[in-house]
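The values are calculated or read from the model by the stated rules, or taken from the named source; none is laboratory data. Just so you know, these numbers come straight off a predicted model, no measurement behind them. Cβ: placed from backbone, ideal geometry, glycine included. Neighbour counts: every protein chain shown. Side chains included, ligands, DNA and RNA excluded: accessible areas come from the protein's heavy atoms. Shrake-Rupley method; radii C 1.70, N 1.55, O 1.52, S 1.80 Å.
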Amino acid sequence: MGFMTAQEYIESLRKLKTVVYLFGEKVENFVDHPMIRPSINSVAMTYALAQHPEYREIMTAVSGFTGERVNRFCHIHQSAQDLIDKVKMQRLVGEKTGSCFQRCVGMDAFNAIYSTTFEVDQKYGTRYHDRFCEYMRYVQQRDLTIDGAMTDPKGDRSLSPSRQEDPDLYLHIVEKTKDGIIVTGAKAHQTGAVNSHEQLIMPTIALKEEDKAYAVSFAVPSDAAGITMIYGRQSCDTRKLEGEGCMDCGNCKFGGQEALVVFDRVFVPWDRVFLCEEYEFAGILVERFAGYHRQSYGGCKAGVGDVLIGAAAVAAEYNGVEKTSHVKDKLIEMMHLNETLYCCGIACSAEGKATASGNYQIDNLLANVCKQNVTRFPYEIARLAEDIAGGLMVTMPSERDFDSPEVGALCRKYFKGSSRVDVMDRMRILRLIENMTLGAAAVGYRTESLHGAGSPQAQRIMIGRQGGLDAKKELAKRLAGIES
């Protein structure tokens, strides 16, 4: 099995002819674009850590197809321990990047599609599962980054896909041929789409028979004819144009990305089609993917949270208040909340069970509890970090002012904190906190914590369905001596 190095991954992207637009203009070299490169660096870290002997057990796994080691991001979970190790891996990479590292959606799509195709084949005698297993061998052998794409633009949310005024607001099959299918539509908010070798498509909601054209799952190269990617903006994103490592970027090297991925009559050969109009399985696939992805947030957000907590502690030290009791208490609260997120990720993994196909699915109730906490706790962690950092985090002058012959000395004089600390180091840590709570990295931490893998109400619906309220009522009646 092949493992790509970080540099090999970056060079592999140069071979793609992915069509990318940013600020209304086509980007000819997206790999070296200063606004895109930090997100590529984050994905590259998933390759670099897999090469490191210290992280071998966490970052790699034994393939169920070949018995050889593969990058865990390309793995089909074979046990509850695999699920636990996944969360540990995500926390590790979050700690190393302080950002979204974008490869989780593909891993979660792999596992949801694996079990669902098995069940579709059992019912209909199709060959989707065999096709998908062959595709997974292809992915593992090449150590590819795959974008798991589920979210459609959706248009008028009160209308089903087939009743939309514009049918393209949900991705759908427009034609079937002897060689494959042709699809049109779009996938929105796609994490890491530009940085991925391929796009792995899934339906976005449960579907009825009249919507069967929208019940489609397939894989295509990111540079397939008819695909256009429009890069999403982030707060403070143009600071990256000021140069790699600039103080005002906050996170000097890493970042995340989202894109609108448009499909204009894209051809997909049959051997890459994994669902085609079997509408009753769309909801099953969505629920399984959502469960895996909600588990993921217990790892990645805990890892990024570790960085933010550390930054807040450093800021307190640089401000000279590290021994103040209320600052200590705030840091303890941040750690408590962060570890609670991690506990939920580990718990839903430890309670995982084998599916009919043989791979392991997390405990869906606990995964939804995990994500529900993620919609809340990072906001409080961010608030406490901003509290400890102080208002200078959002009012300080630019790096150019500090370097200015005219006013640089004034900035360095009046923004000095602890006498033990260089003023520029103080500014850098404050910019990192700003980046993680308000700026570009907030896309991968605070805002994504709310909307990624489904907004809060989506988890509450699942918790209501799976919480076993009737069984809990029976427990209470039995102890109270009430006969049902």
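Here are the numbers for this structure:
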{"quantity": "Residues of segment 112-142 satisfying the condition of being open to solvent by less than 80 Å² (accessible area, probe 1.4 Å) and free of Cβ contacts under 8 Å to residues at least 12 places away in the same chain", "calculated": "D121, G125, Y138"}
{"quantity": "Residue check, R265 open to solvent by 10 Å² or more (accessible area, probe 1.4 Å), of a type outside the set (A, V, I, L, M), over 28 Å from A347 (Cα atoms) and not in a loop (DSSP other than H, G, I, E, B)", "calculated": "yes"}
{"quantity": "Pair list, Cβ under 6 Å, 6 or more apart: segment 405-428 residue more than 15 Å from G320 (Cα to Cα) and loosely packed, with under 14 Cβ neighbours inside 10 Å, other residue at pLDDT 95 or above and among the acidic types (D, E)", "calculated": "V407/D401"}
{"quantity": "Complete set of residues in segment 196-235 that are among the aliphatic types (A, V, I, L, M) and open to solvent by 10 Å² or more (accessible area, probe 1.4 Å)", "calculated": "I205, A206, L207, A213, A224, A225, I230"}
{"quantity": "Qualifying residue in segment 115-136 (condition: under 18 Å from G192 (Cβ atoms) and of a type in the set (V, I, T))", "calculated": "no"}
{"quantity": "Residues of segment 424-440 that turn out to be polar (S, T, N, Q) and either over 17 Å from N319 (Cβ atoms) or not in a helix (DSSP H, G or I) (or both), as a count", "calculated": "1"}
{"quantity": "Residue in segment 236-247 that is farthest from the chain's Cα centre (by Cα), counting only those that are surrounded by 15 or more Cβ atoms within 10 Å (Cβ to Cβ) and in a loop (DSSP other than H, G, I, E, B)", "calculated": "C246"}
{"quantity": "Where a residue in segment 337-350 is among the hydroxyl-bearing types (S, T, Y) and its partner, wherever it lies, is open to solvent by 40 Å² or more (accessible area, probe 1.4 Å), with Cβ under 7 Å and at least six apart", "calculated": "T340/F377"}
{"quantity": "Evaluation of Y47 against (1) part of a loop (DSSP other than H, G, I, E, B); (2) crowded, with 17+ Cβ neighbours inside 10 Å (one fails), failing number", "calculated": "(1)"}
{"quantity": "Failed item, numbered, when R131 is tested on (1) over 23 Å from the mean Cα position of the chain (by Cα); (2) of a type outside the set (V, I, T); (3) closer than 30 Å to S39 by Cβ; (4) outside any loop (DSSP other than H, G, I, E, B)", "calculated": "(3)"}
{"quantity": "Some residue of segment 209-227 being among the hydrophobic types (A, V, I, L, M, F, W, C), part of a strand (DSSP E or B), under 18 Å from V27 (Cβ atoms) and touching a residue at least 24 places away in the same chain (Cβ under 8 Å)", "calculated": "yes"}
{"quantity": "Check on P397, at pLDDT 95 or above, crowded, with 22+ Cβ neighbours inside 10 Å and not charged (D, E, K, R)", "calculated": "no"}
{"quantity": "Positions within segment 334-348 being open to solvent by 20 Å² or more (accessible area, probe 1.4 Å) and touching an Asp or Glu at 6+ places or on another chain (Cβ under 8 Å), in sequence order", "calculated": "A347"}
{"quantity": "Residue under evaluation S357, criteria (1) in a loop (DSSP other than H, G, I, E, B); (2) in contact with a helix residue (DSSP H, G or I) (Cβ under 7 Å, 6 or more places away or on another chain); (3) within 28 Å of E244 (Cβ to Cβ), criterion not met", "calculated": "(3)"}
{"quantity": "Count of residues meeting criterion [part of a loop (DSSP other than H, G, I, E, B) and open to solvent by 10 Å² or more (accessible area, probe 1.4 Å)] in segment 61-97", "calculated": "7"}
{"quantity": "Condition broken by R383, with the remaining ones in (1) farther than 22 Å from G439 by Cα; (2) open to solvent by 60 Å² or more (accessible area, probe 1.4 Å); (3) not aliphatic (A, V, I, L, M) satisfied", "calculated": "(1)"}
{"quantity": "Strands (runs of 3 or more DSSP E) lying entirely in segment 156-203 (those with 2 or more residues that are of a type in the set (V, I, T) and at negative phi)", "calculated": "172-176, 180-187"}
{"quantity": "Tally of residues being under 18 Å from A440 (Cα atoms) and touching a residue at least 12 places away in the same chain (Cβ under 8 Å) across segment 32-68", "calculated": "10"}
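Residue by residue, here is whether (1) in a loop (DSSP other than H, G, I, E, B); (2) more than 25 Å from M107 (Cα to Cα); (3) modelled with pLDDT of 95 or more holds:
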position	(1), (2), (3)
V443	no, no, no
A453	yes, no, no
A458	no, no, no
D470	no, yes, yes
